[in-house]
Each structure stands twice: as C-alpha cells, then as structure tokens.
There are 2 protein chains.
Amino acid sequence: MSPSKTPSTIPEESETGVEGGRRRATINDIARLAGVSKKTVSRVINQSPFVRDETRERIEAVIAEWGYAPDPQARGLAFRRSFLIGMIYDNPNPQYVVNMQLGLLDGMRGSGFELVVHPCNRASPTFLTDIRAFVERQKLFGVVLPPSVSEDERVAKLLNEIGCAYIRIASVELDKPEHMIVGQDRMGGAQAARHIVELGHKRIAFISGPETFRSSHERRGGFEDGLAEAGLSLSPNDIVQGAYTFESGVACGDELLSRSPRPTAIFCGNDEMAAGVLQSARKAGLSVPQDLTVVGFDDFQIAQAVWPPLTTIHTPTREIGRIAVEKLIGDERREPRDVTKMEPNLVIRQSSGPVPA
Amino acid sequence: MSPSKTPSTIPEESETGVEGGRRRATINDIARLAGVSKKTVSRVINQSPFVRDETRERIEAVIAEWGYAPDPQARGLAFRRSFLIGMIYDNPNPQYVVNMQLGLLDGMRGSGFELVVHPCNRASPTFLTDIRAFVERQKLFGVVLPPSVSEDERVAKLLNEIGCAYIRIASVELDKPEHMIVGQDRMGGAQAARHIVELGHKRIAFISGPETFRSSHERRGGFEDGLAEAGLSLSPNDIVQGAYTFESGVACGDELLSRSPRPTAIFCGNDEMAAGVLQSARKAGLSVPQDLTVVGFDDFQIAQAVWPPLTTIHTPTREIGRIAVEKLIGDERREPRDVTKMEPNLVIRQSSGPVPA
DNA sequence: CTGAAAGCGCTTACAG
DNA sequence: CTGAAAGCGCTTACAG
C-alpha cells in the first residue's frame, strides 16, 4: 500500500497483539505500519484537521486493526497535563458520594480519562496544601468539587492560581458560569412548601442543616418563599438547627414534638434528618402521616428504607456528575459555556398527608 | 558546599518555587543544585543503598528545600508502570464502597500512589475486555477487588496473564496467600448463632443473600456451625432466599412471619435485609425484640438508623481496605506474604432479646 | 498536508 | 559509590 522503512511487523509479536499479545503497539508501530511519520499518527490521534482524508483513513484502519490506544502517561508527559480528573469532596453522605462518582464516570466513559478520588477535610491544617500537592503532582486535567468543599472560596482561588480547570457544584451560582453547576435547592424548598400547604397544614416547622452548608440556607430560603406564596411564614421559633445527620434529626424531632401545640408538618433539610424525625415521632407515640407530616430532601436510598417511605425532594446527583465532567472535558468551541442549572422535583410517598382534623 | 556546573538557581523562579513559584523543580534542578548527576538523585528517590551517606544527605536537603517531588507520569513512563491503584468493584452497597475507598486511601497516604475507581458489571458482554483495557492502558500498579467481583476466577486469570498485581478481598481463601484478604464471614455467622442461642431461641430462621455472593454461603455455613454447637440445626424450610436488598428483606420477612408457628428469631445475611424484616414485622403488628429477634450483618449506617437499632455483626471494611493496599504496595522483603485474615465481631443493640415466654 | 529534530522528566542498562 | 548515554511513548515548535 505504501512504502515502509522497516518490516511491517511489531517485534516480539507472537500472537495477535490484541489477544494475549505480549507487547502493546506504540505510535511508532502504527506509523511504520501505515507508512507515515509518527507525527502524522499523532495528528490523527489529536484530531488535527491537517491530514489528508486518505491518509487519515489508512492510519485509522491500522489503529483499529491493532487495537492501538495512546499511552496516557507518555501523552500526559508531553502535554504537561495528565488525563486524570479529580473528585475532591468532603460530603459525609455515602449515597451522595457514590452517585456523584457514577455520574462523573458516566461523563468520561470512552474518553480515555480516569477518575481519581480525593476525600478531604476542611478543618485540617494541611487542607489547602494537600489539595495543591495533589493537583500539581498529578498534573490533573481538572477537578470537580461537590458541596460543601465547592463552597470554599480558598479552594477556587488556589485552583485559579495554579491554572487547574474546575467545576463547582453548588446550590447557588458562586463563580463564573463556566465553573458552575447549580442545583437550585431553593426551588426544591419551594416545592416542599407548596406540597405541605396544599395538604392544609398551618403549624409548620423546619429543621435546618448546618450553617456551614450553603444548601441549608437555600433549602430554608426556598421553603419560606413557597410558604409566602400562601401567605404563611416561619417564625424563628419554627426553625430548629440540625446537622444533616440521623441523630440530629431525632434530637430536633424530640424538641419540636414536645411543644404544645406541636407542629403538624415538619420539613427537614435532608432525608437523614427526616428519618430521625420519624423515629422521634414513633417514640412520642405519633403516627405518620396521620398525626404528623414529614418531608425530606435528596431522595437517597434511606428515603425508601424507612417506614413510612418519605415524601422528599429528588435531586439528580448522578446527572449532575455527568454534566460536570462533560463541561470540564467538553469541546470548548461547541457552545458558550454558560452556567448549568439542574432542577429538583417533588416525590410524594407516604410520610405526608392532610392536616389532622 | 560542592561544585555545581551551572548557576545554583532554577530558571524563571520569581518567588520561592514552593509557594506561588511558577515552575516545579525537576530532577535536573535538584541534581544541579546538589552538584551531582541526575542518576544519583534518582538513586536517592528510589532508596538505592549505593549512595554515600554524605551525598544522600546533601541531596535530601536540596529536595526538602525545594519541595521537590518526582513527576509520577515521567517516572511511570520510565518504569513502564504507573503509580495508580485501581479499585474494581460491583458491590451495590454505597456504604461499603465508600468505607472501602477510605480504607484504600488510608493505606496509600503519603506513598505517592493515587486511587482510580472502576465500577464494573459482571453481566456486561464487555466485562473482561473493559477491565483489561483499563488495567493495560493505565499500566496500573495493581488492583484491589472487593466482593463479588473478587470471586470471579476469570478476572484473577486475566490479571495473572497480563502481569498485574492484585488483591482479592473475599470471605474465604480463593487464591494464593499473597493475593488474599479473608473476611472470615463464617466466623461472624457463628457469632450471630451463639448470641441467638444464648437468648433461648429455638424457632430460628435465616434469610440468605443471593447465591452468586460467596458471603451468602459463608454466613449461612457459619450460622449453622454456631447452631450445631448447641445441638440445633436449620431445616431447608428455615432458610429463605433474599437478595441483600431492603425490599427482599421485606418480602422474606412477610413470608416467614406469616407462618404458624412463626420463628422467634431471624438472622439476616446483611443489614439491609434485616431492616426490611423490621418493616415487615411492623406491618404484621409484631414488636422487636419482644415478639421477634432480628440480627443483621455488616454494621453499616443503616443498622443504627432503623428502629430498633440492629444487633449485627461488624465487619472492619475500612481496615480491610487499608491492609489490602499495604499488601499491594508493601515492602516485599519485609515479611512472608501469607494470607491476611480479618475478624468480624458481634455488636449487640436493641433488635435482639430473650425468646418470648 | 507531512516530517525530522528536540524535548517532556524520569529510569535502565552499561561503564568506570 | 557515581555518571554519560540511550530510551520510555508521546507532543511541540520549526521546516518544508
């Protein structure tokens, strides 16, 4: 087909080179077999437009035949950037972490990128140093930051300084559009409020997440927005501070349910706390939803594992992860990189019902 | 201190090179600054004994001063092996996955290795091809296989063929000692049996995990061992097949509790199913532990989130992860690489109690 | 549209 | 105990 300077075989190949072959093909092998220079093969790999169609097709055929895939380490060394994407997170919820990882992997499937996970601790004295060492040493292509580390301005500043691409996943827009995926927790809070209002409740309480999570404020704010639409509002007394944990849900539930008159509906900042309230209600001898309506947020596994199954606000965590990666590795020329917004939605199960007569 | 052939500075360094420095030091910089060849620096990095103490100290001082860390990509390219460790898994439990990841990261802290996660699906037609491509392309240093993918002999065979180091985490020894970490689920099953027997139960049932998980068999076998110690045994009728899911726990609970006479104690293959049985008991109007004793396995988060909190068998997932990595990257000369065994242990909470009068 | 040279930051033989 | 040369598998200038 075309002259090749050396024999058209790969040294040491005893079998097919694909199945059970001893040595993987390199760019040199492909170049030789296709009768071109390695630079031209490189152009094909990197989708350069400056290759004649005929040449490209010939090279692509050889690549396919040999099952060649460029070595990410060599490519990374030359590019001065690896093909690794870091997930840096401090979210304590296993379900969230796993869903997010699956979403990120969805987004990089077939791209040649790999996911490197990096839990962190914002309270650690080496917090920023650790992240910097991780990113610089691995020459990460980019990082994805879920809440609450996504809300830390120091991290964003650091990443900008060292020139590392990043996506922040948060409940509000806290950075330039190209860096943001917004979960719109506020909208979810309003959905919960409308549902509770429609059921006729008036004595309504809210269990908030920790102050340090932006989502705590958004979910509360949205809830108040939704109540306001019906002319209702939350007094400071109606808001109790939890910690997004099951135990804190129990404690907050205990406090709210001991009041007189007690609330007929409680909206919780997440499912864990809602599950805690369910347990608190049981201890108090109250039936859900007959005596008390409980609404959660997130729609993680626990929402369906408790009894009764929780009415909650579903957040599309996995989809958010996929879109985050696509935004990170995506084709810059494809579209203006505006902020990406995701919508939560209400899932009605059995923990919510009409206000008791 | 010693002659250096070129000026003792790093080009382009405008600041300290550590904080806010523009360029990271390379092996060449260190060699020049220490007045040695890069090969000698390489010897220090790789802990070669053939370096004079004085030389080593001088080089180490320069390395520390500049905060130099070798580039993993360049090192990997030369070594023909990356510094990435893969976790290949198909375990459906988020808590297990996260705990295992944390354990693996514990084991690699400070080592320069990074963790690349790779969920897989044993039912996929490209299952083995995917794993092969992942391992070969990334030139993985090694992989850790938790259950149930750890139980797949095809994967072990593939890894052996392509010469990739691996550790299998399983409930029994299914490979050479150097490849195994054994969870000893059998022992845990026996612990559950002894606890139930001590409480005086005679009508005892077992809800098994899926046939495809080795742990299902081990947990049952251990449970039967423990019962046998007290002269008790399980008839085929006392064993119901679940699927390690909450829903399957509900279904199996429904079946067992509709029998007459019904069992007074149910041992479940994992916590998820035990939580399902709790829900089933509630539907049937039974109190736990007054009317029914329920015992789980794993001691994941859900064990404490349900009501009553579950008596269960704690498995040290995170520790197992740490030890798996240590075994993988550990110093070969340190010790004979025998099989590593981990012990589960009984955690008594409120779902178990004396047999009803 | 294509290629020869130099380089990314390390290590492996091979000498001494 | 130490070093100069060659190479790992790619890409970036620079030519043509």
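Loop-only check: which trypsin sites (Lys or Arg not before Pro) in the range A:250-357 are DSSP coil with at most 10 other Cβ within 10 angstrom? Hits after loop and neighbour filter: A:Arg333, A:Arg334. Each residue of the range A:239-246 is assigned a 3J(HN,Hα), and the resulting list reads 10, 10, 8, x, 9, 6, 10, 4 Hz, derived from the Karplus form 6.51 cos²θ - 1.76 cosθ + 1.60 (θ = phi - 60°), x at Gly and Pro.
Entry note, chain B: the mean residue ellipticity at 222 nm calculated from DSSP H runs of n ≥ 4, each adding -39500 (n - 2.57), is -12500 deg cm²/dmol after division by the residues and rounding to the nearest 500. Remark: spin-label model distance B:Leu174-A:Arg52 equals 5.5 nm, labels positioned 7 Å along the Cα→Cβ axis. 3J(HN,Hα) along the range A:42-56, derived from phi through the Karplus expression 6.51 cos²θ - 1.76 cosθ + 1.60 where θ = phi - 60°, amounts to 4, 4, 5, 4, 8, 6, 5, x, 8, 9, 5, 3, 4, 4, 4 Hz, with x in place of Gly and Pro.
According to a simple spin-label model (label point 7 Å from Cα along Cα-to-Cβ), what is the distance in nm between A:Arg203 and B:Ala228? It works out to 6.0 nm between the two label points. Counting charges near B:Cys164 (Lys, Arg +1; Asp, Glu -1) among other residues having Cβ under 12 Å from its Cβ returns a value of +3.
Once both labels are positioned 7 Å from their Cα atoms along Cα-to-Cβ, the gap between B:Thr126 and A:Gln350 label points is 4.1 nm. Evaluated with a Cβ-only charge set (Lys, Arg +1; Asp, Glu -1), chain A carries a dipole of roughly 780 debye about its Cα centre, given to the nearest 20. Maximal additional length on extending the A:Ala69-A:Glu255 stretch stands at 60.9 nm, based on 0.36 nm per residue less the C-alpha distance.
Ligands, DNA and RNA left out, the 1.4 Å accessible surface of the range B:186-316 is 49% carbon and sulfur atoms. How charged is the neighbourhood of B:Ser48? Take every other residue with its Cβ under 14 Å from the Cβ of B:Ser48, and add Lys/Arg as +1 and Asp/Glu as -1. Surrounding charge for B:Ser48 is +3. Rounded to the nearest 5, the antiparallel percentage of DSSP beta bridges internal to chain A is 10%. For the set B:Lys157/B:Lys327; A:Lys202/A:Lys341; B:Lys176/B:Lys327; B:Lys202/B:Lys283, the pairs lying more than 22 angstrom apart at their alpha carbons are A:Lys202/A:Lys341; B:Lys202/B:Lys283.
With springs only between Cα atoms under 10 Å, which of A:Pro308, A:Pro236, A:Pro49 fluctuates most in a Gaussian network model of chain A? The residue that fluctuates most here is A:Pro49. Computed about its Cα centre, the charge dipole of the range A:126-198 is approximately 160 debye, with only Lys, Arg, Asp and Glu carrying charge at their Cβ. Solvent-accessible surface of chain A, taken per residue with a 1.4 Å probe and all protein chains present: 44 Å². Taking a point 7 angstrom from the Cα of A:Phe79 along the C-beta vector, which residues in the range A:165-179 have backbone N less than 14 Å away? Residues A:165 qualify, since their backbone N sits under 14 Å from the label point. In the range A:185-316, taking the dipole from charged Cβ atoms about the Cα centre, the farthest positive-side position among A:Gly200, A:Gln241, A:His314 is held by A:Gly200. Charge tally around A:Gly249: other residues with Cβ under 13 Å, Lys/Arg +1 each, Asp/Glu -1 each, net -4. Placing +1 on each Lys and Arg Cβ and -1 on each Asp and Glu Cβ, with no other charges, gives the protein assembly as shown a dipole about its Cα centre of roughly 1560 debye.
The values are calculated or read from the model by the stated rules, or taken from the named source; none is laboratory data. This structure is a prediction, so every number in the text was calculated from the model and none was measured. Glycine also receives a Cβ, built like all others from the backbone with ideal geometry; neighbour counts cover every protein chain displayed. Note: accessible area is taken over every heavy atom of the protein model, side chains too, but ligands, DNA and RNA are not part of it. Shrake-Rupley method; radii C 1.70, N 1.55, O 1.52, S 1.80 Å.
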